[in-house]
Amino acid sequence: MIDPKLLRTDPDLVRRSQVARGESVELVDWLVSADEARRSGIASFETLRAEQKELGKQVARAQGEEKAALLARTKELAAQVKAAQADSDAAGARFDELMSALPNLVIDGVPTGGEDDLYVLETIGTPRDFAAEGIEVKDHIEIAEGLKAIDMERGSKVSGARFYFLTGVGAQLEFALLNLAMAKAAEWGFTPMIPPALVRPSAMAGTGFLGQAAEDVYYLERDDLYLVGTSEVALAAYHSDEILDAGTLPRQYVAFSPCYRREAGSYGKDTKGIFRVHWFDKVEMFIYCAPEDAEAWHEKLLGFEKEFISLLEIPFQVLDVASGDLGLSAARKYDCYGYVPSQGRYREITSTSNCTEFQARRLNIRMRDGDTVAPLATLNGTLCSMARPIIMLLENHQQADGSVYVPAALRPYLGGQEYLRP
């Protein structure tokens, strides 16, 4: 959540952010009113409660008719205190409900627009001219079938649409990507983790995944647990309800986990292959830092992602994500789009978000700096979401004989192979 004080000191800032996101400005007006009602309710309750306590002292000293009158007032006041507390609790609940729906504040400089507005900051690498090489481009499924690397048919048989098996060199390729990603993350100072893929509702709500993204979430009703769509959820909740010493910041974590998404709103989109699936594995970076360091860390995370994609020798673009496509928690987001030859276009491969203090406030994570205790900042970044890098490796590095070139960085994790062969 945002700092509630902003609703009183600068509500127009919050309204501008809502306009940039294409979200309801009326929500801000409701929140301002709810905040006033909440604070008024608290004040009324505390005033009556103070009177009740003072009356109790007077009753203890009173005698006769005075005591009887005071006791009558005590009974009357008890009912008023109870009603005031109920009103205060209701006003507080309404305020909390509205605050949970309010997205993070968009950082100044984020381009405006929606998901179809793509702001390319830079293009790195040049797509191959397959025609000049005399190669007819195949998509990743055709290449994978030749390598016996992906089995979509049996994935569907076992689990349904948008599931798959990685087999043989396909599985080996994921392990190679995993090992390279974790080795690079360790080099950059990250602590490796393997987090649970099932989390409590508080973790999902705290990271903002029960709002706009709720329709894509798998929920196990019997256990009241959620399957995560990213290990960001578990990593963010790792320090929930804790106060971290400022001297221990930044804290850098990198996690490998399976991820699950319904893709409920993607009917008819990318139905072929493993680009848009219900399950995939992912290596995710996560940062806890002082708020004043968040923007610098965001640039660092983007730099790590760019370095990793470059090691895979995949042409890619860096995008500054438009304000209307940020998601609930992000104040700014950068995406990297890798080139997909069979589609002749760039598609998302990684993403990194600066969530400022938003998730920390929702999860009650704070930092202690001397005598000061205040919320810290959190950031996340995908280092390797396995399915899409596999797609782009197979397609960008396909050869005329059906083999696939292996980038030098991956070879140590694939037994030194320079090519994957049928």
So what is the relative contact order for the chain, in percent, with contacts set as C-alpha pairs under 8 Å and at least six apart?
20
The stretch 125-140 to the stretch 383-422: how many Å between their Cα centroids?
15
Point-to-point label distance, residue 215-residue 371, nm (Cα→Cβ direction, 7 Å offset):
5.2
Between residue 39 and residue 6, what length comes free when the chain is fully extended (0.36 nm per residue of separation minus the Cα-Cα distance, one decimal in nm)?
10.4 nm
I'd like the distance between the alpha-carbon centres of the stretch 288-325 and the stretch 1-45, rounded to an integer number of Å.
31
How far, in nm, would the chain grow between residue 61 and residue 400 when pulled straight, counting 0.36 nm per residue and subtracting the alpha carbon separation?
112.1 nm
By counting other Cβ atoms within 10 Å of each Cβ, how are 254, 14 ranked from fewest to most?
14, 254
How long is the gain from residue 263 to residue 186 if the chain were fully straight, where each residue apart is worth 0.36 nm and the alpha carbon distance is subtracted?
24.5 nm
By what distance, in whole Å, do the Cα atoms of the chain stretch along each of the three principal axes, largest value first?
107, 44, 41
Förster-model FRET efficiency, 56 Å R0, residue 130 and residue 108, C-beta, rounded to 0.05
0.85
Once every DSSP H run of n ≥ 4 in the chain is given -39500 (n - 2.57) and the sum is divided by its residues, what mean residue ellipticity at 222 nm do you get, rounded to the nearest 500 deg cm²/dmol?
-13000 deg cm²/dmol
Out of the stretch 118-200, which trypsin sites (Lys or Arg not before Pro) are coil in DSSP terms and have no more than 15 other C-beta atoms within 10 Å?
148
Return the subset of 306/333; 5/300; 148/282; 300/333; 53/75; 184/272 for which the Cα-Cα distance in this structure is over 24 Å, preserving the input order.
5/300; 184/272
What's the longest piece of the chain with no exposed GluC sites (Glu not before Pro), counting a site as exposed if DSSP puts it in a loop and it has at most 12 other beta carbons within 10 Å?
243-417
How far apart, in nm, are two points set 7 Å out from the Cα along the Cα-to-Cβ line at residue 198 and at residue 100?
2.2
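Computed from the coordinates by the stated procedures, all read-outs in this text should not be read as laboratory data. Worth saying up front: this structure is predicted, and the values here are computed from it rather than measured. Positions of Cβ are backbone-derived with ideal geometry, glycine not excepted, and every protein chain shown enters the neighbour counts.
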